[in-house]
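Below you'll find the structure, written out as structure tokens, and then a few comments.
Each value in this text was obtained by applying a stated rule to the coordinates, not by laboratory testing. The structure displayed is predicted, hence computed values, not measured ones. Here the Cβ positions follow ideal geometry from the backbone for every residue, glycine too, while neighbour counts run over all protein chains shown.
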Amino acid sequence: MDIKEIKVMQKILNVNDRIAEELRSDLEKKGIFYINLMSSPGSGKTTIMERTAHEFGEKMCVIEGDIQTTLDAERVAKAGIQTYQINTGPFGGDCHLEAGWIKSAMEEIDMNDLELIFVENIGNLVCPAEFDVGAHVNAVVLSVTEGEDKPLKYPLAFQNSQLCIISKIDLLPYLDINIDDIRANIKKVNPKMEVIELSAKTGEGFEEWFEYLKR
Ligand SMILES: Nc1nc2c(ncn2[C@@H]2O[C@H](COP(=O)(O)OP(=O)(O)O)[C@@H](O)[C@H]2O)c(=O)[nH]1
Ligand SMILES: [Mg+2]
């Protein structure tokens, strides 16, 4: 019985990986940069999307993933950009997004003039990291309130990402947390990780983030 279960899971992952590869190469051919944002709930992903949307306007679009509600899509759509919401609640409440679901959302997107596509994955530092969604870059957002140890405790999200955004740095003066220790733990699990520190509240660090995206 166990063997059957493993084979089914392998098949699901194989199908997912095939669609993910298609998405990655299709968007590359179109010259569109596709980023998958992953993090625990509340690290500031949607707030980062709101500020980023004000910079890039109609050149960017966001696909929001949540178990329930269209709250995040409503927030981002206020910036006047194309926004889509995937809810997993009606089909089992999955805690991650899969490439096939994102492909369906992408079929709705008007890609003329588009340069950036973001997926805001479901808030969860574990499951989303297990599924390739075909992004060119996986970015993990870690807010300073979460503690220095999280890269060590949830290594997969950090190992499967190329960029780590350390968010909410405006809160550092109020916390007993050392940002150098956060950085050191990130490097321990992923020595090649690029790191950007920012605050979506004050805007500090956003120039570096925008430069990264324009690159
Ligand atoms: N102080 C501070 N609060 C922030 C920052 N970014 C987001 N928040 C707050 O953190 C909460 C969760 O943010 P949200 O963007 O919804 O997180 P998400 O669940 O990762 O999408 C909200 O109350 C935000 O206002 C930040 O840079 N600094
Ligand atoms: Mg959100």
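Counting beta carbons within 10 Å around each of 71, 27, 156, 198 and listing the fewest first gives the order 71, 156, 27, 198. When 33, 91 are arranged by Cβ crowding within 10 Å, least crowded first, meaning fewest neighbours, the order is 91, 33. Cysteines of the chain lacking any other cysteine Cβ under 4.7 Å from their own Cβ: 61, 164.
Using C-alpha pairs below 8 Å separated by at least 6 residues, the relative contact order for segment 2-214 is 23 percent.
Cross-link reach is defined here as a Cα-Cα straight distance under 18 Å, omitting same-chain residues fewer than 8 places apart; for residue 188 the lysines meeting it are 150, 153. Counting neighbouring beta carbons within 10 Å and listing from fewest to most, the residues 62, 15, 140 come out as 15, 62, 140.
Taking Cβ atoms as reference points and 10 Å as the exclusive limit, the residues near residue 168 contribute a net charge of -2, counting Lys and Arg as +1 and Asp and Glu as -1. Put a plus charge on the Cβ of each Lys and Arg, a minus charge on the Cβ of each Asp and Glu, and nothing anywhere else: the dipole of the chain about its Cα centre is then about 400 debye. Mean residue ellipticity at 222 nm, helices only, the chain: -12000 deg cm²/dmol; runs of at least 4 DSSP H residues each add -39,500 (n - 2.57), and the sum is divided by the number of residues.
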